[in-house]
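Report on one structure; see the data block that follows.
The values are calculated or read from the model by the stated rules, or taken from the named source; none is laboratory data. Note that the coordinates shown come from a computational prediction; the quantities given were computed from them, not determined experimentally. No Cβ is skipped: glycine too gets one built from the backbone with ideal geometry, and neighbour counts run over all protein chains shown. Heads up: the accessible areas ignore ligands, DNA and RNA and are worked out on the full protein's heavy atoms, side chains in. Shrake-Rupley method; radii C 1.70, N 1.55, O 1.52, S 1.80 Å.
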Amino acid sequence: MVMKVRDIQSEFNLEVAAGGSGLDREIADGYCGDLLSDVMANAGSGSVWLTTQAHQNILAVAALKELAAIVLVNGHGPDDDTRARADKEGIPILLSTSSAYQLAGRFYKAGIKKKEE
Amino acid sequence: MKLFKGDLHIHTCLSPCGELEMSPLKVVKEGLAKGLDFIAICDHNSAENTGAAMRAGAKLGIHVLPGLEINSVEEIHSLAIFDREEQAMRMQAMVYAHLQGINRPDIFGDQIVVNEFDEVERFDGRMLIASTQLGIDAIVREVHRLGGIVVASHVDRPSYSIISQLGFIPPGLELDAVELSCMSNTESFLTDNRNFKGLPVITSSDAHLPGDVGRRYTSFFIEAPCVNELRMAFQNKSERRIVY
C-alpha cells in the first residue's frame, strides 16, 4: 500500500503548518536529523523528514533530496519565511509535539520504511 | 595605509570553555607578544569582558574590538564585532533576552567577569554556551543595525558552523565574511575558495588558552583597525583588502 503525506497527517493528527498543496505526495521512507549537511548527504528520496530545524533552508534541502514532507517535532514551528517557501514549493510542513524518537517509532510501526530490494 | 595583523576570534575566562588564566589583561599581553596589531574579544553569547580588554589594550598599545560569538537557534556560531563597547552591550542585551538556562560550572566551566587590573568582578550565572532563540537572519540584521559586522565562525568545522547546520549559506543572508578554523589548511582552502560562496575568508585563532592567541590571524591592508575599514577590506573598496 502506498502511504501518502495525507495519511500520516490524519492518522497521527499532525497540524499542517504550510505546503498543504503537497499532501498527496507519496512517502517511501523516513529520516531524522537536525544537521542539514547530514540530511543532504544521507536522506533518501521520498522520505518524510523529522527535525527540529525550522530555518527556511529545510525547504531547499527537501526539494534537493525530493523529500515527501517535513515534520517539525517537539513543538517547533516555522517562521513566515519558511512557511512561504513551503507553500511555494508545495512541500508540506507538519507539526508535532512528540519527539523525533517517539514519532519515528510510530511511523515505522505504521509501515513507513524503505522497501527491501 | 598599512598592514594590520588581526586575530578576530579570542575567548576569555568568561567563556565556560575558556581557561581561567585567559583574563582580559592576559589576552591583551599575549596579543602584543605575538605581534598582533589588533584583536577582537568574542566570548560565547556575552561581551562582559570586552570593556576590560579594551581598556587594558589602550594602556598597553594594542587595539581591541568588542564582540560576541553568538549561538543562533540553528546552533550556528557567528562573530558579531563592533567598534564601541556600548554597541556590543546593546547586542548582548538582545542575546540575553533570548537566552535561557543556568550554567553548570561543574560540567561546562566557570564564567568569570574580570576587570582590566586582573581582579575578579563576579561569576556569570547564565548558560552562555547554550543556543539563543535568535535565528541567524535576525542576528545578522541586528548586528548591522547596530553598526557591526558578522563573520560566520569556523565554516570548515563539522559542528556549530553555518555549513554543518544549514547545509549551505542561505541566499540573501548578508554575512560580511566567513572564518576558517585554526584546524584548517588555510592555504589549500584559499586556493580553491578565495571567496567562499562569494564571501571573503578570514582565519583566526578561536583561542581558549593564552598560547593559542594569534596562532592564526588575518592581515588587513587598511587605514586603521576599525569596523568600517574591515568592511571596506572585505569588499575590496578604496584599495583596502585582505592580504593572504
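Note on residue B:239/residue B:138: beta-carbon distance plugged into 1/(1 + (r/R0)^6) with R0 of 35 Å gives a FRET efficiency of 0.55. For the range B:1-112, the alpha-carbon coordinates run over 43, 28, 21 Å along the three principal axes, in decreasing order.
In this label model, residue B:104 and residue A:80 are separated by 3.9 nm, measuring between points 7 Å along each Cα→Cβ vector. Excluding ligands, DNA and RNA and using a 1.4 Å probe, chains A and B jointly bury around 800 Å² of accessible surface, summed across both partners. Average projection, convex hull of the Cα set of the range B:43-97: 3.5 square nanometres.
Length gained on full extension, residue B:145 to residue B:188, computed as 0.36 nm times the residue gap minus the Cα-Cα distance: 12.0 nm. Would you give the gap between the C-alpha center of the range A:1-66 and the C-alpha center of the range B:4-62, rounded to a whole Å? Their Cα centres are 45 Å away from one another.
Taking GluC sites (Glu not before Pro) across the range B:82-134, the ones in a DSSP loop with at most 15 further Cβ atoms lying within 10 angstrom of their Cβ are B:119. Run through the range B:184-228 and list the trypsin sites (Lys or Arg not before Pro) located in a DSSP loop whose Cβ has at most 11 other Cβ atoms within 10 Å. Qualifying residues, ordered by number: B:194. Database remark: amide H of residue B:44 closer than 5 angstrom to the amide H of B:15, B:69 (H placed geometrically; neighbours at sequence offset of 5 or more, or on other chains; Pro and chain starts carry no H). Result for chain B in a Gaussian network model with C-alpha springs under 10 Å: among B:36, B:166, B:65, the largest mean-square fluctuation is at B:166. Taking the three principal axes of the alpha carbon atoms in the range B:2-243, the coordinate ranges are 44, 38, 32 Å, sorted in descending order. Note on the protein assembly as shown: Kirkwood hydrodynamic radius from all Cα pairs is 21.6 Å, rounded to one decimal. When shorter helices are ignored and each DSSP H run of at least 4 residues is given -39500 (n - 2.57), the per-residue value for the protein assembly as shown at 222 nm works out to -8500 deg cm²/dmol. Comparing B:181, B:46, B:23 in a Gaussian network model of chain B where C-alpha atoms under 10 Å apart are linked, the largest mean-square fluctuation is found at B:181. Based on every Cα atom in the range B:90-208, Rg and the maximum pairwise Cα distance Dmax equal 16.5, 46 Å.
For chain A, the solvent-accessible area works out to 50 Å² per residue, with a probe of 1.4 Å and every protein chain left in place.
Computed over the range B:2-243, relative contact order equals 23 percent, with contacts defined as Cα pairs under 8 Å that lie 6+ residues apart.
Note that the range A:14-19 has calculated 3J(HN,Hα) couplings of 8, 7, 8, 8, 6, x Hz, one per residue in order, obtained from phi through the Karplus relation 6.51 cos²θ - 1.76 cosθ + 1.60 (θ = phi - 60°); glycine and proline are x.
Database remark: amide H of residue A:18 closer than 5 angstrom to the amide H of A:93 (H placed geometrically; neighbours at sequence offset of 5 or more, or on other chains; Pro and chain starts carry no H).
With contacts taken as Cα pairs under 8 Å at a separation of at least 6 residues, the range A:72-117 carries a relative contact order of 45 percent. Comparing each chain alone with all protein chains together (probe 1.4 Å, DNA, RNA and ligands left out), the residues of the range B:163-183 losing at least 50 Å² of accessible area are B:165, B:166, B:168.
Remark: mean inter-chain Cβ contacts per residue of A:48-55 equal 3, using a 10 Å Cβ-Cβ cutoff to other protein chain atoms.
Treating each Cα of the range B:60-157 as one equal point scatterer and applying the Debye formula with no solvent, the log10 of I(q)/I(0) at q = 0.16 Å⁻¹ comes out as -0.76.
Applying both filters, DSSP loop and at most 11 other Cβ atoms within 10 Å, to the GluC sites (Glu not before Pro) of the range B:162-206 gives B:174. Backbone phi angles across the range B:172-187, fed through the Karplus curve with coefficients 6.51, -1.76 and 1.60 (θ = phi - 60°), yield HN-Hα couplings of x, 7, 8, 5, 8, 6, 10, 10, 9, 6, 5, 7, 6, 8, 4, 4 Hz in residue order; Gly and Pro are listed as x. Taking trypsin sites (Lys or Arg not before Pro) in DSSP loop states with no more than 15 other Cβ atoms inside 10 Å as exposed sites, chain A has its longest site-free stretch at A:1-112.
Residue-normalised convex hull volume from the C-alpha trace of the range A:1-84: 84 Å³ per residue. The apolar share of the surface of the protein assembly as shown, taken as the fraction of accessible area on carbon and sulfur atoms (1.4 Å probe, ligands and nucleic acids excluded), comes to 49 percent.
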